[in-house]
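Here's the structure, in structure tokens; my notes come after.
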């Protein structure tokens, strides 16, 4: 379906977050280059050498280790999102608006919809990786330096991957009428620091996950860190997740960054 779809805007002229489709697009590049699915590539070429508990496509033997997700706050209501966009004169039938609302609805459904063996076993590269926080931190550490002899990205590759790609791009029309619709910044796949996602400031790169998961690294300080949670409590529109603030402040203090 993605291969047959026409772009919703001319590539290179605008930018918007691909909540789920990005993983399928990059996953297909991996499959064609390596001859293995993204989950198989992750398991054999990354997780095994580093001893990571990280999966895209969870084996049944590990199913008992997975904690259910839940949500204490109500999920975003697509109808409310449409109502907000309508205040800026946006038509809910516009394909760009419809796709954006659908992605918000998909993230809202993850608390219950992802608590199943079928979804855990599937390979949804941008949406259902399962990991421990320690393994995510170890994975990020291997991006910026050797971990027991294994380094995943060369230094020049890290520089290329973390160079800003979206800073000068507007949101696609008609979403460009909505203030703050694009609050994130991206390099090649990785999120870069913003007031919404400060990480450790300049030089940090990583990604926040639905509900409040977070993992990132910073080469200058040699730091890699990850946080996992089961309560899908984070509202990205409200700023950084309050649960991040105490430990990120302590981390900055340890690194003497303040």
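No lab work stands behind these numbers, since they all come straight from the coordinates. What you are looking at is a predicted structure, and each value in this text was computed from that prediction instead of being measured. Cβ coordinates were reconstructed from backbone atoms using ideal geometry, including for glycine residues, and neighbour counts include every protein chain displayed.
Can you tell me, using C-alpha contacts under 8 Å and at least 6 residues apart, the relative contact order of the range 105-166 as a whole percent?
This gives 15 percent for the range 105-166.
Take residue 150 and residue 62, extend 7 Å from each Cα along the Cα→Cβ direction, and tell me the distance between the two endpoints in nm.
1.2
How big is the shadow of the Cα convex hull of the range 121-258, averaged over all directions, in nm²?
Working: hull surface 39.9 nm².
In nm², the orientation-averaged hull projection of the range 121-258 is 10.0.
What length, rounded to one decimal in nm, is gained on full extension from residue 48 through to residue 157, with 0.36 nm per residue of separation minus their alpha-carbon distance?
Fully extending the segment from residue 48 to residue 157 adds 37.1 nm.
Going 7 Å from the Cα of residue 119 in the Cα-to-Cβ direction, what parts of the range 226-246 have a backbone nitrogen less than 12 Å from that spot?
Those under the cut-off are 232.
Rounding to the nearest 10 and keeping the result within 0 to 90°, find how far the Cα-based axis of helix 95-108 lies from the longest principal axis of the chain.
50
Two decimals, Cα atoms only, Kirkwood Rh: what is Rg/Rh over the range 144-218? Working shown, then result.
On the way: Rg = 14.3 Å, Rh = 13.8 Å.
In the range 144-218, Rg relative to Rh is 1.04.
Which length gain, in nm to one decimal place, applies between residue 5 and residue 202 when the Cα-Cα distance is subtracted from 0.36 nm times their residue separation?
67.3 nm
Most mobile of 212, 113, 189 per a Gaussian network model of the chain (Cα springs, under 10 Å)?
Residue with maximal mean-square fluctuation among 212, 113, 189: 113.
Please state, as a whole number in µm²/s, the translational diffusion coefficient that the Stokes-Einstein equation yields for the chain at 25 °C and 0.890 mPa s, with Rh defined as the Kirkwood radius across alpha carbon pairs.
D = 125 µm²/s.
Per DSSP H run of n ≥ 4, the term is -39500 (n - 2.57); total these for the chain, divide by its residue number, and report the mean residue ellipticity at 222 nm rounded to 500 deg cm²/dmol. Don't skip to the answer; put the middle values down first.
Numbers: 9 runs with 79 residues, N = 258.
Calculated at 222 nm, the ellipticity per residue is -8500 deg cm²/dmol.
Can you pull the Rg over Rh of the range 53-134, Cα-only, Kirkwood?
Looking at the range 53-134, the ratio lands at 1.10.
Using a 7 Å offset from the Cα along the Cα-to-Cβ direction at both residue 86 and residue 183, what is the distance between the two label points in nm, to one decimal?
Modelled inter-label distance: 2.4 nm.
How would you order 88-96, 50-58, 117-125 from highest to lowest mean count of nearby Cβ atoms within 10 Å?
50-58, 117-125, 88-96
Could you give log10 I(q)/I(0) at q = 0.12 Å⁻¹ for the range 1-80, computed by the Debye formula over C-alpha point scatterers of equal weight, without solvent?
With no solvent term, the Cα-only Debye profile gives -0.61.
Given a Förster radius of 41 Å and the C-beta distance between residue 31 and residue 258 as r, what FRET efficiency does 1/(1 + (r/R0)^6) yield to the nearest 0.05?
0.40
What per residue convex hull volume, in Å³, comes out for the range 42-90 when only alpha-carbon positions are used?
Working: hull volume 8.2 nm³, N = 49.
In the range 42-90, the Cα hull volume divided by residue count equals 168 Å³.
For labels at residue 245 and residue 132 in the simple 7 Å Cα→Cβ model, what's the distance in nm?
Simple spin-label model gives 3.1 nm for this pair.
What whole-number distance in Å separates the alpha-carbon centres of the range 22-36 and the range 181-234?
23
Sort 216, 22 so that the residue with the fewest other Cβ atoms within 10 Å of its own Cβ comes first and the one with the most comes last.
Values: 216 26, 22 15.
Ordered from fewest to most neighbouring Cβ atoms within 10 Å, 216, 22 come out as 22, 216.
Most exposed first by the Cβ proxy, i.e. fewest other Cβ within 10 Å, how do 20, 143, 136 rank?
Arranged by neighbour count, lowest to highest, 20, 143, 136 become 20, 143, 136.
May I have the pair-distance distribution P(r) for the range 89-164, computed from all Cα-Cα distances with 5 Å bins from 0 and rounded to whole percent?
All Cα pairs considered, the percentages come to 3, 12, 13, 13, 14, 14, 15, 10, 5, 2, 1, 0.
Just report the Cα centroid separation between the range 143-163 and the range 45-103, whole Å.
28
If all Cα-Cα distances of the range 30-166 are sorted into 5 Å bins from 0 onward, what percent lands in each bin, rounded to whole numbers?
Pairs per bin, as whole percents: 2, 8, 13, 14, 15, 15, 13, 10, 6, 2, 1, 0.
Could you please rank 237, 199, 1, 232, placing first whichever residue has the fewest other Cβ atoms within 10 Å of its Cβ? Display every interim value, and only then the final one.
Values: 237 9, 199 26, 1 6, 232 23.
Least crowded to most crowded, the residues run 1, 237, 232, 199.
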